[in-house]
Amino acid sequence: MIFAGKAHKVGDHIDTDAIIPARFLVTSDPFELGRKCFEGLEQGWVNRVKKGDILIGGKNFGCGSSREHAPLAILGAGIPVVIAHSFARIFYRNGFNMGLVLLEIGDYIDKIRDQDQLEVSPGTGEIRNLSTGQIINSLPVPEFMAEILAMGGLVNYVREKVS
Amino acid sequence: MAQTLAQKILQKHSLDEVGRAGQIVRCKTSMVLANDITAPLAVDSFRRMGAAKVFDREKVALVCDHFTPNKDIDSAEQVKKVREFAREMKIVHYYEGGSAGVEHALLPELGLVGPADVVVGADSHTCTYGGLGAFATGMGSTDIAAAMALGETWFKVPETIRVNMMGRLDKHTVSKDLILHIIGLIGVDGALYRALEFTGEVVDAMDVEARMTMANMAIEAGGKAGLFPADEMTVDYCRKAGFPDPGKVYPDDGATYFRQLSIDVTGMGPQIACPHLPDNVKPVDELDRVKVDQVVLGSCTNGRISDLRQAAEIIKGRKVSSNVRFIVLPATPRIYEQALEEGLLGIFIRAGAIVGPPTCGPCLGGHMGILASGERCLATTNRNFRGRMGSLESEVYLGSPLVAAATAVAGEIIHPAKV
């Protein structure tokens, strides 16, 4: 599977209150949450993204609370992939569990500009920047997480164990 | 192999041999926690997993504390969903209404968590129980649903940063100031993927509530856990709370650390985290007459009885500035009752404070103290992200209960010795 979309850059230390402020945590519906995605960064931020666009975070993306509503809001906004310098650890686990593709690339994050057109292959971790012609390889997904992914995610993993 | 506190506790509960940092281990969970915001999502995931019952109905705690007393219809619906799940699963530790308090103050008080436990919670401040010598960490709702179903979870064994604290704290400097100082030193991602381990003579002399304040904010440095050794004081505290057979836990001599920090606390003074990140920390005396509209005393960081006592001592016989709303939220019903009996609530009310019920409320911008644009708050809470407590154009400063009380009186952020 290859994801193609336009890059939308946000800064370092983007916290979960920026992704989805607590006042919107009165629902678990990804579509409802998606409409308020990044409302804590800028009002109406979500209007700038099209379905399939790719989010580019800086250092420590998703720091703060454990709210799973954060990856759900990003998915609900139509964003299937987040590429970041690094991720906060709770967000990283949540993203995987929700089926949001997360790629960590360290300092190579500077090679992606806002509005660049990207192609991402999560299987190989390859990111093609069509606007600059550069290819970036992301850090490998930890082995155990890859196994859970291969089983269809944590829900399926548990389903198999309890049945 | 000599083990850090994290390795030692994980080993006690692990199905695998716990080795070096970076290894993935599966562990049994001692307690699994969720609240009124995160439990509804966990319930959905639990159903999708096809689980029929929780692994142990005495080892799951559901605490409705964030938007409660329910602030609107949607939050009432969420609590209803959690309540129905708790009844269906016959969960023993379900807390709502008059039995509910801020989860990370409530569970230690009820003796539900203690030394050498592995605790996972769908709340990032689950790391608070590190103050009791537990390996405790926050996760998302689906990870928590898995733990509720299986009674186990997986961890990457974290590297550990050891923080050794020496010297003497002056009477206006408390554990909140220490943890703010440390976060300022290492940054909001300074402990990313890692555990913090606190030791030294300052820790040995520190009461258990003060330790929980520090462990609570390990996540604000990106930490997976903030761990204190469990010593005689911890054992006493947990035994009184009713935790069964608490034991001491210490790291091994010669354990491998990623980094070791030594901090002399003598002369440190009160510290303030300025907007909009918890690592933007300055000594209070470096702030230049920062006026505030609101002061909040409470939360899982600083809403315990010792915090209320410290604040009351400062504000006793004084008046809250006419330009300030001073909101005091005792973190649990028992703390509320104790503060009432000790006359602390009377001191706050006579000074002109608002005393509210136990709730997380304003800390996360939920309710009971939301900020308008241009407004500024000094809070004893744990996060000062932009918009955290209300408008995107508001500001939150973080400080200790003593600074909070002094600030409420002065109307500007001030050293407690100056009121």
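The values are calculated or read from the model by the stated rules, or taken from the named source; none is laboratory data. All values reported here derive from a predicted model rather than from experimental measurement. So basically every Cβ, Gly included, is an ideal-geometry build from the backbone, and we count neighbours across all protein chains shown. Please note that ligands, DNA and RNA were not included when accessible areas were found on the heavy atoms of the full protein model with its side chains. Shrake-Rupley method; radii C 1.70, N 1.55, O 1.52, S 1.80 Å.
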Would you confirm whether any residue within the range B:218-227 is open to solvent by 10 Å² or more (accessible area, probe 1.4 Å) and within 17 Å of B:R304 (Cβ to Cβ)? no
A:R89 fails exactly one of (1) within 25 Å of B:D44 (Cβ to Cβ); (2) surrounded by fewer than 16 Cβ atoms within 10 Å (Cβ to Cβ); (3) at the interface with chain B (Cβ under 9 Å from one of its Cβ atoms), namely (2)
Can you list residue pairs whose Cβ atoms sit under 7 Å apart, with the first residue in the range B:342-366 being more than 14 Å from chain A (Cβ to nearest Cβ) and over 14 Å from B:G298 (Cβ atoms) and the second being open to solvent by 30 Å² or more (accessible area, probe 1.4 Å) and of a type outside the set (A, V, I, L, M, F, W, C)? Count only pairs 6 or more apart in sequence or on different chains. B:I347/B:K316; B:A351/B:R318; B:A351/B:K319; B:G352/B:K319
Can you pull out the residues in the range B:143-177 that are more than 9 Å from every other protein chain (Cβ to nearest Cβ) and among the basic types (K, R)? B:R162, B:R168, B:K171, B:K176
Within the group A:G133, A:G76, A:G64, A:G153, which residue is in contact (Cβ under 8 Å) with a residue 40 or more places away in the chain and either more than 14 Å from every other protein chain (Cβ to nearest Cβ) or in contact with a Cys (Cβ under 7 Å, 6 or more places away or on another chain) (or both)? A:G76
Inspect all residues belonging to the range B:190-205 and state whether any of them is within 12 Å of chain A (Cβ to nearest Cβ) and open to solvent by less than 10 Å² (accessible area, probe 1.4 Å). yes
Of the residues in the range B:73-112, those that are free of Cβ contacts under 8 Å to residues at least 40 places away in the same chain and either assigned to a strand (DSSP E or B) or among the charged types (D, E, K, R) (or both) come to B:D74, B:E77, B:K80, B:R83, B:E84, B:R87, B:E88, B:K90, B:H93, B:Y94, B:Y95, B:E96
Elements of type strands (runs of 3 or more DSSP E) in the range B:138-200, at least 2 residues being of a type outside the set (K, R) and more than 18 Å from B:S262 (Cα to Cα): B:152-156
Within the bounds of the range B:53-63, is there any residue that is at the interface with chain A (Cβ under 10 Å from one of its Cβ atoms) and at pLDDT 95 or above? yes
Consider B:S262 against the criteria (1) of a type in the set (S, T, Y); (2) within 25 Å of B:S124 (Cα to Cα); (3) surrounded by fewer than 17 Cβ atoms within 10 Å (Cβ to Cβ): it satisfies all of them except one. Which criterion is unmet? (2)
Check whether at least one residue in the range A:43-60 is open to solvent by less than 40 Å² (accessible area, probe 1.4 Å) and under 21 Å from B:H66 (Cα atoms), and report yes or no. no
Could you say whether any residue in the range B:318-332 is within 24 Å of B:Y95 (Cβ to Cβ), open to solvent by 10 Å² or more (accessible area, probe 1.4 Å), touching a residue at least 24 places away in the same chain (Cβ under 8 Å) and charged (D, E, K, R)? no
